[in-house]
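The values are calculated or read from the model by the stated rules, or taken from the named source; none is laboratory data. All values derive from a computational prediction rather than experimental measurement. Counting neighbours? That spans all protein chains shown, and the Cβs are built from the backbone with ideal geometry, glycine included. Heads up: the accessible areas ignore ligands, DNA and RNA and are worked out on the full protein's heavy atoms, side chains in. Shrake-Rupley method; radii C 1.70, N 1.55, O 1.52, S 1.80 Å.
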Amino acid sequence: NGNTELHFPSDNLVFHKHSPAADKTRLGMGMVFGEYYSAAISDNVKRKIEQKLSVGEWPGKACIGYKNIKYTVDGNELKNIIPDPDRKDYIIKAFELRLDGKSYRTIAKILRKEGLRSNTKQQKPVGQSQIEKKKKNPFYYGVMKYDGGLHPHKYEPLIKKEVFDVVQIINDRRTHDRTKTD
């Protein structure tokens, strides 16, 4: 309707249909600087993540079987990821059960019955798809998968790479053969 006004109090600018060229230019410049600021923050986040990956640090929440911790040394707050004493044995057992030829459905059922819960606030029972996803995650033997790349990490592995590799072979065979036994 042409009566709309945009107010930018911090810039002492009111923009409307009849704004002079100087105000239009100020608005345009403000948007350009805003876009630059947003892009610069994005660049900083990407650099920080790349730096963490280069020194073997995971840039986010630990996967189930591990937990994020914070501690203080000489007044500095530090972060680390350690094996989760409440869940790590379940993850190790899940790999062992897969080595025994158990299906993901059976593994999930066994681990739920034994008490495995997610590492979220709700601590929901872990389902078949979560178990399947975890068995394809190289983090458990010492490698982080991030943004399509693989990076060695500094955290304690829960399994050996050889165990992971055999589980992947079992996964491939079961997918291709479609013969699934519990």
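Per-residue ellipticity at 222 nm for the chain, helices alone: DSSP H runs ≥ 4 residues times -39500 (n - 2.57), over residue total, nearest 500 deg cm²/dmol? Numbers along the way, then the final one.
Details: 5 runs with 82 residues, N = 182.
Theoretical 222 nm ellipticity from helices: -15000 deg cm²/dmol.
Filter the cross-link list 46/161; 79/102; 70/135; 70/109; 48/102 down to pairs whose alpha-carbon distance in this structure exceeds 31 Å. Write down the numbers at each step before the final one.
Details: 46/161 29 Å; 79/102 36 Å; 70/135 27 Å; 70/109 33 Å; 48/102 40 Å.
Flagged as over cut-off: 79/102; 70/109; 48/102.
Across all Cα pairs in the chain, the calculated P(r) in 5 Å bins from zero up to the longest distance comes to 1, 7, 12, 13, 12, 10, 8, 6, 6, 6, 6, 5, 5, 3, 1, 0 percent per bin. In terms of the mean number of neighbouring beta-carbon atoms within 10 Å, the peptides 162-169, 70-77, 58-65, 38-45 order highest first as 58-65, 162-169, 38-45, 70-77.
Rounded to the nearest 0.05, what FRET efficiency do residue 78 and residue 120 have when you use their Cβ-Cβ distance and R0 = 22 Å?
Details: r = 24 Å, r/R0 = 1.07.
According to the calculation, E is roughly 0.40.
Each of 91, 2, 28 was scored by the projection of its Cα onto the charge dipole of the chain, and the greatest displacement toward the positive side belongs to 91; charges sit on the C-beta of Lys, Arg, Asp and Glu. Each of residue 44 and residue 13 was given a label point 7 Å from its Cα along the Cα-to-Cβ line. The distance between the two points is 2.2 nm. For the listed peptides 23-36, 95-108, a ranking on the average number of other beta carbons within 10 Å per residue, highest first, reads 95-108, 23-36.
To the nearest ten degrees, helix 21-54 and the longest principal axis of the Cα atoms of the chain are 20 degrees apart.
Taking a straight line from the alpha carbon of residue 52, these aspartates and glutamates sit under 17 Å away, with near neighbours fewer than eight places off in the same chain left out: 43, 77, 147, 156. Using C-alpha pairs below 8 Å separated by at least 6 residues, the relative contact order for the chain is 16 percent.
Counting Lys and Arg as +1 and Asp and Glu as -1, each charge on the Cβ, what is the dipole of region 87-182 about the Cα centre in debye, to the nearest 20? Working shown, then result.
On the way: 24 positive and 12 negative charges, 92 e Å.
With Lys and Arg at +1 and Asp and Glu at -1, about 440 debye.
Roll a 1.4 Å probe over the protein chains and send me the accessible area per residue for the chain in Å².
Numbers: 12510 Å² over 182 residues.
With all protein chains present, the chain gives 69 Å² per residue.
Relative to the longest principal axis of the Cα atoms of the chain, helix 104-114 runs at roughly 90 degrees. When only the Cβ of Lys, Arg, Asp and Glu is charged (+1, +1, -1, -1), the dipole of the chain relative to its Cα centre reaches about 900 debye.
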